[in-house]
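The next block holds one structure in the form of structure tokens; read it before the comments.
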Amino acid sequence: MDFAAVFDVSAAGMDFERMRLEATAANLANAQTSGTAFQPLRAIAASALPDSFDLRLAAALPRPLGAAIVPGNAAPRMVLDPGHPDADSRGFVAYPDVSPVSEMVRLVEIGRAYEANVRALGMARSMALKALEIGSER
Amino acid sequence: MNIPAIDPALVAAPSLGSMTESAGGSFSAWLEQQVRTTNTDIVSADNSVRHLAVGEPVNLHQVMVQLERARLQLELVVQVRNKLLDAYQDLLKMQI
């Protein structure tokens, strides 16, 4: 059934939103860890070329391509805290450059985008069920 | 602006003689194939539910999508079967 194509592409969108949620959750969880070992994470995916050979071969809809969680390269946030065991010679402690406000905004955005994917899938599903009702009202 | 009349040779009615059974399999083969697909879908949905139940890392939405796919496929086969039975009943009730 060709509704399966919508199912697949919506599921791929949900996969990507889940990956973004994982990256954001890791950022928030590690926001207060000292040291430069943790870099703020971002989930990125490239958009597929709408006319690429693979898509033509599979007759599929374009979907997020090569989604991956990658560390960013922002400079650490330096906080003056001379009593901290990780403080450097000048008394500064390095924290990952995570901004709780923008992470919260991203969380809301992820939730809404996931919801939109679910809605598109649900619409494909109810259209298919409606199509199967054709001719059966008696 | 001059608009020419429609050339009657271009709008020749398609002949009814071309309405033969399409090549590549009969209806029963199609139905069998659909029943097989339905069975595969249901089994794979069942498997992913099982994986979810035993706590393996399965994407929740993938499980739901698979369940929905299986349900739609089953619904399609059921509707085709209903139509087939209706037609059969109609033929059976026909007075000769």
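The values are calculated or read from the model by the stated rules, or taken from the named source; none is laboratory data. Here the structure is a predicted model, which is why all the values come from computation and not from measurement. Cβ coordinates were reconstructed from backbone atoms using ideal geometry, including for glycine residues, and neighbour counts include every protein chain displayed.
Under 19 Å from A:A11 (Cα atoms) and either assigned to a helix (DSSP H, G or I) or within 12 Å of chain A (Cβ to nearest Cβ) (or both): is that true of B:Q89 in this structure?
no
Taking into account only those residues within region A:121-138 that are surrounded by fewer than 15 Cβ atoms within 10 Å (Cβ to Cβ) and under 28 Å from the mean Cα position of the chain (by Cα), which is farthest from the other protein chains (Cβ to nearest Cβ)?
A:M123
Which condition number in (1) more than 12 Å from every other protein chain (Cβ to nearest Cβ); (2) touching a residue at least 40 places away in the same chain (Cβ under 8 Å); (3) not acidic (D, E) is the one that B:V77 fails?
Here B:V77 meets the rest and fails (1).
Looking only at strands (runs of 3 or more DSSP E) that fall completely inside region A:1-119, which ones have 1 or more residues that are at pLDDT 85 or above and among the hydroxyl-bearing types (S, T, Y)?
It comes to A:92-95.
Does B:L72 qualify as being out of contact with any strand residue (DSSP E or B) (no Cβ under 7 Å at 6 or more places or on another chain), modelled with pLDDT of 90 or more and more than 10 Å from chain A (Cβ to nearest Cβ)?
Spelling it out, it is not the case that B:L72 is out of contact with any strand residue (DSSP E or B) (no Cβ under 7 Å at 6 or more places or on another chain), modelled with pLDDT of 90 or more and more than 10 Å from chain A (Cβ to nearest Cβ).
Condition first: under 15 Å from A:L61 (Cα atoms) and without any contact (Cβ under 8 Å) to a residue 24 or more places away in the chain. Now tell me which residues in region A:2-32 satisfy that.
Of everything in region A:2-32, those that are under 15 Å from A:L61 (Cα atoms) and without any contact (Cβ under 8 Å) to a residue 24 or more places away in the chain turn out to be A:D2, A:A4.
When you check B:V63 against the structure, is it within 12 Å of chain A (Cβ to nearest Cβ), over 26 Å from A:M14 (Cα atoms), out of contact with any Gly (no Cβ under 6 Å at 6 or more places or on another chain) and assigned to a helix (DSSP H, G or I), yes or no?
no
Residue check: is A:Y114 in contact (Cβ under 8 Å) with a residue 60 or more places away in the chain, more than 14 Å from every other protein chain (Cβ to nearest Cβ), surrounded by 15 or more Cβ atoms within 10 Å (Cβ to Cβ) and of a type in the set (S, T, Y)?
no
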